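> Right, I'll just put the structure down here and ask away after.
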Amino acid sequence: MSNQLSERINSLVPSATLEMAAKARELRASGKDIIGLSLGEPDFNTPDYIKEAAIQAINDGYNSYTPVDGYVELKDAIITKFKRDNNIAYERPQIVVSTGAKQALYNVAQACINKGDEVILPCPYWVSYSDIVKLSDGIPVEVETSIENDFKMTAEQLEAAITPKTKMLWYSSPCNPSGSIYSKEELRALADVLQKHPQIVVVSDEIYEHINYGVTPHASMAAFEDMYDRTVTVNGVAKAFAMTGWRIGYIGAPAHIARACNKLQGQVTSGANCIAQRAVITALLESPNRVQYMVDEFKNRRKLILELLNGIDGFKCNEPEGAFYVYPDVTAFFGKTLNGKTINNASDFAMYLLEEANVATVTGDAFGNGNSIRISYAASEDDIKEAISRIAQAVK
Ligand SMILES: *Cc1c(COP(=O)(O)O)cnc(C)c1O
């Protein structure tokens with residue numbers, strides 16, 4: 001009975017990455033040997049020193065509601081982290097801890113967007129940005145980028161996309177899905193454009209900050225003095241600390257935006273999980289070097305998957321500088337018929353790979369860029385080798 005449901009929910013599309021994972025699970029349950037390279041999830045265990053902090057917290061009796069915006073000790077750990085890693089000075093009223101970076105982003109959207117406000121999203125963007133913006137009655141304004149420019153938006157493109165209705169700019173760096181990283185100079189060029197448009201708030205999603213392969217150092221928009229007052233820095237522990245299921249993300253923001261997120265969260269979910277919050281204090285206060293072993297491993301896998309993909313005709317890859325995805329341009333296959341199936345677009349291609357190669361990937365359409373597919377290399381080397389060899393076979 002769809003008329004019992006709101007227009008809001010009827011027009012919302014399910015998360016394409018979660019949907020692909022569900023489809024892969026279904027095929028697996030029916031006996032197919034599917035290799036899943038669709039989900040953005042580290043295949044590592046949460047490090048022991050973080051698990052021990054959680055066990056300690058349980059034994060210490062942390063079981064009550066937490067402050068809505070997070071334990072003070074956690075907010076202080078986040079403040080220390082922002083200063084240490086990003087050279088951004090935040091104070092307690094500027095920090096809000098949420099149930100994952102996803103909730104943090106949703107809070108910010110709800111707090112800042114009015115009906116009809118435009119939000120600039122350089123494509124490809126993280127899968128949920130556009131739907132979170134739409135849920136908040138905003139209008140996503142997609143800015144096309146290309147593999148030639150390493151999937152990054154230029155200052156000229158930003159300038160051209162701005163209208164009197166532009167309210168926000170959202171991007172992730174390192175980028176999910178492309179792995180691209182905006183250098184400090186590139187961010188400065190975008191900031192220079194924004195100086196002419198003081199109404200625009202920037203959301204800088206830095207959740208892959210530590211998964212950086214050392215070519216372009218991480219840079220934060222809020223570290224520029226003239227951007228500090230209108231930038232929301234989003235981060236979390238899911239990716240770098242292999243803690244996706246613990247569900248802790250956070251923002252550093254201008255105090256009035258943080259206050260608004262706190263107010264919203266207080267009516268919707270209250271504070272994030274108490275045990276996970278205690279564990280994240282340890283995760284953030286320890287040196288990020290302690291999780292470097294995972295980054296080193298991802299770096300080996302990146303090399304492997306790029307070598308293998310570049311050996312297949314029709315796959316054109318950029319070299320991702322961070323995160324754990326490759327985002328090959330597959331337009332060479334469009335219009336072709338493979339094993340009796342016609343490939344018209346990236347969605348057809350991802351579906352073809354699922355059905356013919358038993359490999360789950362994600363169509364670029366989910367990220368606002370229909371020329372590519374996203375392949376996660378957060379998987380074992382054996383799985384990567386087997387998956388790419390199956391793909392090579394299927395597209396011959
Ligand atoms: C995974 C991811 C998130 C969501 O992180 P959670 O803390 O798991 O909610 C947000 N942004 C990007 C770019 C991501 O890849």
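Just so you know, all these numbers are worked out from the coordinates, no wet-lab data involved. Since we're looking at a predicted model, the values are computed, not measured. Here the Cβ positions follow ideal geometry from the backbone for every residue, glycine too, while neighbour counts run over all protein chains shown.
> Please enumerate, by chain and number, the lysines with C-alpha under 23 Å from the C-alpha of LYS75, excluding those fewer than 8 residues away in the same chain.
Cα-Cα hits under 23 Å: LYS51, LYS83, LYS102, LYS239, LYS263.
> Here's a follow-up. Please compute the modelled spin-label separation between TYR62 and VAL268, points set 7 Å along Cα→Cβ, answer in nm with one decimal.
2.4
> Rounded to the nearest 500, what is the 222 nm mean residue ellipticity of the chain from helices alone, with -39500 (n - 2.57) per DSSP H run of 4+ residues and division by all residues?
Counting only the DSSP helices, I get -12000 deg cm²/dmol.
> Mind putting a number on the dipole of the chain about its Cα centre? Charges go on the C-beta only, +1 for Lys and Arg and -1 for Asp and Glu, and I need it in Debye to the nearest 20.
Dipole magnitude for the chain comes out near 660 debye.
> If you don't mind, there's one more thing I want to ask. Is region 270-396 best put as rounded, prolate or oblate by its Cα gyration tensor, with a ≥ b ≥ c the root eigenvalues, rounded for a/c under 1.5, and otherwise prolate when a/b is larger than b/c, oblate when not?
It comes out prolate by the Cα gyration axes.
> Under a Cβ-Cβ cut-off of 12 Å, what is the net charge of the residues other than ASN235 that fall near it, where Lys and Arg count +1 and Asp and Glu count -1?
-2
> How are the alpha carbon pair distances in region 197-245 distributed across 5 Å bins from zero to the largest one, expressed in percent?
For region 197-245, the binned pair fractions read 5, 19, 22, 20, 16, 11, 5, 1 percent.
> Based on the alpha-carbon set only, what is the convex hull volume of region 209-290 divided per residue, in Å³? If you can, show how the numbers build up before the last one.
Details: hull volume 9.0 nm³, N = 82.
Roughly 110 Å³ of hull volume per residue.
> Looking at region 144-302, what % of its DSSP beta bridges pair antiparallel, to the nearest 5?
Roughly 30 percent of the DSSP beta bridges within region 144-302 come out antiparallel.
> Just to be sure I understand: of the beta bridges DSSP finds with both ends in the chain, what percent are antiparallel, rounded to 5?
Beta bridges within the chain, antiparallel portion: roughly 45 percent.
> Here's a follow-up. Cross-link partners among lysines for LYS23, C-alpha distance below 20 Å, same-chain residues fewer than 8 apart left out?
LYS32, LYS341
> What is the distance, in nm, between label points placed 7 Å from the Cα along the Cα-to-Cβ direction at THR163 and at ASP313?
A separation of 4.4 nm, rounded to one decimal place.
> Could you compute the FRET efficiency for LEU285 and ASP192, with r as their C-beta to C-beta distance and R0 at 41 Å, rounded to 0.05?
Efficiency at R0 = 41 Å is approximately 0.70.
> Still on this structure: Quote the FRET efficiency, to the nearest 0.05, computed for LYS303 versus ARG25 with a Förster distance R0 of 35 Å and r equal to the Cβ-Cβ distance.
E between LYS303 and ARG25, to the nearest 0.05, is 0.75.
> Give me the lysines in straight-line cross-link reach of LYS184: C-alpha distance below 16 Å, same-chain residues under 8 apart excluded.
Qualifying lysines at Cα under 16 Å: LYS152.
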